[in-house]
1. Hey, rough spin-label estimate for D195 and S2, points 7 angstrom out along Cα→Cβ, what's it come to in nanometres?
2. Taking all protein chains as present, what is the carbon and sulfur share of the accessible area of the range 88-172, in % to the nearest whole number, probe 1.4 Å?
3. Among G162, S114, S103, which residue has its Cα positioned farthest towards the positive end of the charge dipole of the range 99-177, with +1 placed on the Cβ of Lys and Arg, -1 on the Cβ of Asp and Glu, and the dipole taken about the Cα centre?
4. Express in nm, to one decimal, how much length is gained between R280 and A68 on full extension, taking 0.36 nm for each residue of separation and deducting their alpha carbon distance.
5. May I ask what percent, to the nearest 5, of DSSP beta bridges between residues of the range 10-141 are antiparallel?
6. Could you work out how much longer the chain between S14 and S42 gets when fully extended? Use 0.36 nm per residue separation minus the Cα distance between them, nm to one decimal.
7. Given the chain, what percent of its DSSP beta bridges are antiparallel, to the nearest 5?
8. List the extent of the Cα atoms of the range 104-178 along each of their three principal axes, largest first, rounded to whole Å.
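The values are calculated or read from the model by the stated rules, or taken from the named source; none is laboratory data. Just so it is clear, the structure is predicted and the values come from calculations on it, not from any experiment. Heads up, the Cβs are rebuilt from the backbone with ideal geometry, glycines too, and the neighbour counts pull from every protein chain shown. Areas reflect the complete protein model, heavy atoms only, side chains present, ligands, DNA and RNA absent. Shrake-Rupley method; radii C 1.70, N 1.55, O 1.52, S 1.80 Å.
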Amino acid sequence: MSLSVDPRWPRAGSWPSLAELPDGQQVDLALIGLPTWRTSLSPTGAHATPGAVREALQRYSLHVPELAVEALRFADAGDVAEPDGPEGERRAIDAVREAVSRSRLTVAVGGDNSLTVPTALGAWGDDVATAGLVTLDAHHDLRDGVSNGSPVRRLVEAGLGGRRIVQIGIADFANSAAYALRAQEYGITVIPRDDLHRRPIDDVMAEALEVAGAAGGPIHVDLDVDVCDRSVAPGCPASVPGGLPAWELRRFARLAGADSRVRSIDIAEVDATADTPDQRTVRLAALLVLEAAAGLASR
């Protein structure tokens, strides 16, 4: 990628390595790559996505009127090698825990949706019993087994209370009655895609964060990009026509970053190898990182 150079137009990305910063030095936002893909229910090249998102970040600046995003301290914690499977997941949990200990907000870029498990567990640490989860996702992710379709169920089994889970954007014709019933049995708050046609985004997110944060613990937000309309997220294997427009998911990302209870965010289900030539899905994922940063700057 060849980009113009203008010292008066600094670009996002190319942030210093977290590992190379002095011991104990804190940053505002830490970026970490979790290229999960081996247990995906759909063929995917999502392991290529963290690198593609880092490259796409350089197409953008950090300038947001009235928000001091440029003053934030960023660091890149690199990619966790082979984060799939029990051993890889443990490495990912440890790497996220280290990033969280040194940042106000950690943003994990996948990879498929299985990265939500190690990201959330690494961010919550010993606070699982009081933690909360908000997902922006077309799917419940409550399947049996271990896959990109099971992270929410696995987190419940790890101790997360179902009544502190909110799922926003659940789509018609994209789930099963059995898993919808499971969500109900867990006590999960479900806000379907159709509800978002009638309700202001800020109100929806405020409700979700209140439910997820009811026990006073940290909140993890899962931004599964397949919640978006397929026209803006063709690089998501399971995106469907009629999903969210890009601006709505960007707004949810900024609202997540703005809330001090949100300790971590993940960006999932983008397959950089299946994207369109204009890289619209990868570029959206990069903008979600920046929207989270803008939210953080507004805290």
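1. Result for the modelled spin labels: 5.1 nm.
2. Working: 1060 of 2480 Å².
The value for the range 88-172 is 43 percent carbon and sulfur by accessible area.
3. Farthest towards the positive end: S103.
4. Details: separation 212, 0.36 × 212 = 76.32 nm, distance 2.63 nm.
Extra length from R280 to A68 when fully extended: 73.7 nm.
5. Numbers: 1 of 13 bridges.
Of all bridge pairs located within the range 10-141, approximately 10 percent are antiparallel.
6. On the way: separation 28, 0.36 × 28 = 10.08 nm, distance 3.12 nm.
Answer, rounded to one decimal: 7.0 nm.
7. For the chain, the DSSP antiparallel bridge percentage is about 5.
8. Taking the Cα atoms of the range 104-178, the three principal extents are 37, 25, 23 Å.
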